[in-house]
Protein chains: 2
Amino acid sequence: MSHLKLHIPGPVEISQKTFKAFSTPMVGHRGQKFKDLYGRIQPRLQKLFKTQGLVYLSTSSAWGVMEGSLRNLVKKKVLNCMCGAFSDKWFDVSQRCGKEADSLKVDWGSPILPAMIDEKLATGQYDVLTLVHNETSTGVMSPLGDIASLKSKYPEVMFIVDTVSSFSVVDIPFDSLGIDVLLTGSQKALALPPGLGLFTVSKAALERASTVNDRGYYFDFCEFEKNAAKSMTPSTPSIGHIYALESKLEDIFEEGIQNRWDRHADLAQMTRDWAARNDFTLFPEKGYESNALTCINNGAKAGGRIIDVAKLQGLVKDQGIMMDGGYGKIKGATFRLSNMGDETEETMNHLFQVLDECLKKL
Amino acid sequence: MSHLKLHIPGPVEISQKTFKAFSTPMVGHRGQKFKDLYGRIQPRLQKLFKTQGLVYLSTSSAWGVMEGSLRNLVKKKVLNCMCGAFSDKWFDVSQRCGKEADSLKVDWGSPILPAMIDEKLATGQYDVLTLVHNETSTGVMSPLGDIASLKSKYPEVMFIVDTVSSFSVVDIPFDSLGIDVLLTGSQKALALPPGLGLFTVSKAALERASTVNDRGYYFDFCEFEKNAAKSMTPSTPSIGHIYALESKLEDIFEEGIQNRWDRHADLAQMTRDWAARNDFTLFPEKGYESNALTCINNGAKAGGRIIDVAKLQGLVKDQGIMMDGGYGKIKGATFRLSNMGDETEETMNHLFQVLDECLKKL
């Protein structure tokens, strides 16, 4: 079966250049060549994360780092902000790690707002907060800047922020936000193959972690810090991913970070315009639409056109494109179009053209 | 800098065929194409693990599964068998996970023997045992068959066996051994890029795991089982690794498993013969030498020739080969030659020829 161009919200399409780097002949992970590789990319990673600290590479998908962050930081109780499938799951994972956890829950499609968090943190019960910046399941981007500004009011609360589907899509300046953990995965807007987690942590988070006795080894922040200082990783790294990352960092800085953010904003706007032209409404609350993907309402809430998504998926597939049909409890009642990664006006216009043709056949 | 052929004990050299599969255009991990891929390789994985159960694919290096196994299974106390750097570290990791742990420790170079384990387990203190089958740091292979036969005497003890550097080197029949966890990594004898953990677990281990409340999510055995039953993984998998694994399974079954074991035995014997010809002694206790790699004594214990290993490494590197210079506390006092993966008589003879020439220059 021939390849289907991916327009699902991750994994996304991988370029031939990236794949070539992914298949660089193998090197030893304790040798100079690996240290040189990690050392070479560290400054660019720091520039992308906007941090003076070290950026860590985890041989895992982002969930590993999401779970690891809980194991490193929660001593008292974690507040899990829930607004979609992935943020909801984080609450479940907190409990599965044996941590005391509470939820701050809004309807799917709504963002998490600072006032809600402020009210909860004011109780003094929590030492950790988890936030999914861009809920991939609902296409909602919560206002991270405003939320992060609460950190100064609650310095003892560790702010863990998942940016799996917003990293390199919008500006997320780690140091100036003042948050404690910023984590992402490789297979979304970075347009790398899945299998690598990237993250950075604050000094306060490293200090907190050092006092948590059952944080383990595999995701231990202190081990990542100790090893990264020598341009190594605690466990055997996925070396292919790191070569691919080097190649992708070249692409990103060649394009320019600002240009990359602008491109994602433009392509997301094009997608929203396409939806409006076709009488669809959007699932996210107005003003909180993601720039990485567009979640289109298809009956999940009132208003707008309703179509047979499964049938549309099939027709689009016949045209060589893989599109999403909604996720979790809003499967079928929404569908999502991704513009993450290397997409351009041209590739998005091709997607819209295919969709337009297929809609006529429904 | 040009590529150095790897003869270190992992990562090992990757074939062009494997790299091609590694770079297969991306597919969605919740879609039919991924399920078809995992479904296609599952029977071959089961044949290789010699199990009727499901084989799980973890987006991590082996250490993730090693730690995860502790988090899934230890309720009372774990006995960590220690005979080298990696098995020693497992004891440390047990403690870092907040588990009660004891060590069964032998000198590096010696194997773990059944009688030692029997004596410890007879105390009734333990509900989990960890064993590194092939200690990559010392080149010692402990007698897994004899050790596993203790399982019938201690059915309530979960036997976790790391076969990182022995998997596909020697026969390790999971079901008939009767052990509870068999885990390995991609970058050793499977000759895949690093970044994938492979494992299978017994029904008893799944049952035990289901009663452990803080086992987490990322390495949760029950989640792996539930997802693998639908040919999926709990978290986003490293899809490239799984395509590469499919390609490597083709290679393995084309060669024949028995032929693969025989080849590794022959190449290891050639390496031991090379050492003897050059007046070196071996570090492992006689009768427990690994078939995956040869750990050569260079002053770590009495007897045999002693050379400047760092200098030899440099000379060998000039000839385009990366060799090991010993690991951990026996660095420099041993060195290791790997014959894992796709090595042949021809490639090993080339290594020996280069070593012979370089030894003359010391």
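Some points to look at:
- Total charge dipole magnitude, chain B, about the Cα centre, Cβ charges on Lys, Arg, Asp, Glu only, Debye to nearest 20: 740 debye
- Span-rule helices in chain B, defined as complete DSSP H runs reaching 18 Å or more along the axis (Cα) with Kyte mean at least -0.5: B:239-255, B:345-360
- Between B:Val128, B:Val78, B:Gly98, the Cα set farthest toward the positive side of the dipole of the range B:62-134 (charges on each charged residue's Cβ, about the Cα centre) is that of B:Gly98.
- Share of Cα-Cα pairs in chain B lying beyond 37 Å, as whole percent: 19 percent
- Per the Debye calculation on the protein assembly as shown with a single equal scatterer at every Cα and no solvent contribution, log₁₀ I(q)/I(0) for q = 0.05, 0.09, 0.11 Å⁻¹ amounts to -0.25, -0.79, -1.16.
- Over 24 Å (Cα to Cα) - which of B:Lys47/B:Lys105; B:Lys47/B:Lys77; A:Lys226/B:Lys329; A:Lys75/B:Lys203 fall in this group: B:Lys47/B:Lys105; B:Lys47/B:Lys77; A:Lys75/B:Lys203
- For the protein assembly as shown, the Cβ-based charge dipole about the Cα centre amounts to some 420 debye (Lys, Arg positive; Asp, Glu negative; other atoms uncharged).
- Across identical copies of the chain, B:Ser152 has label-point separations of 7.1 nm, listed in ascending order, with the point defined 7 angstrom from Cα along Cα→Cβ.
- log10 of Debye I(q)/I(0), alpha-carbon scatterers only, for the range A:168-276 at 0.14, 0.20, 0.22 Å⁻¹: -0.73, -1.21, -1.32
- Whole-Å distance, taken between Cα centres, linking the range A:191-268 and the range B:41-104: 25 Å
- Calculated label separations, B:Asp214, copies of the chain, 7 Å along the beta-carbon direction, nm: 0.1
- Summed over qualifying helices (DSSP H, 4 residues or more, each -39500 (n - 2.57)) and divided by its residue number, chain B shows a 222 nm mean residue ellipticity of -12000 deg cm²/dmol.
- Cα centre as origin, Lys/Arg/Asp/Glu Cβ charges: the range A:167-244 dipole, Debye: 160 debye
- Chain A: relative contact order as a whole-number percent, Cα under 8 Å and 6+ apart: 23 percent
- Other-copy label distances relative to B:Gln125, 7 angstrom Cα-Cβ extension, nm: 4.0
Quick note: the coordinates plus some simple rules give every number you see, no bench work behind them. In this text the structure is predicted, and so the values were computed from the model without any measurement. Please note: Cβ atoms are built from the backbone with ideal geometry, for glycine as well, and neighbour counts cover all protein chains shown.
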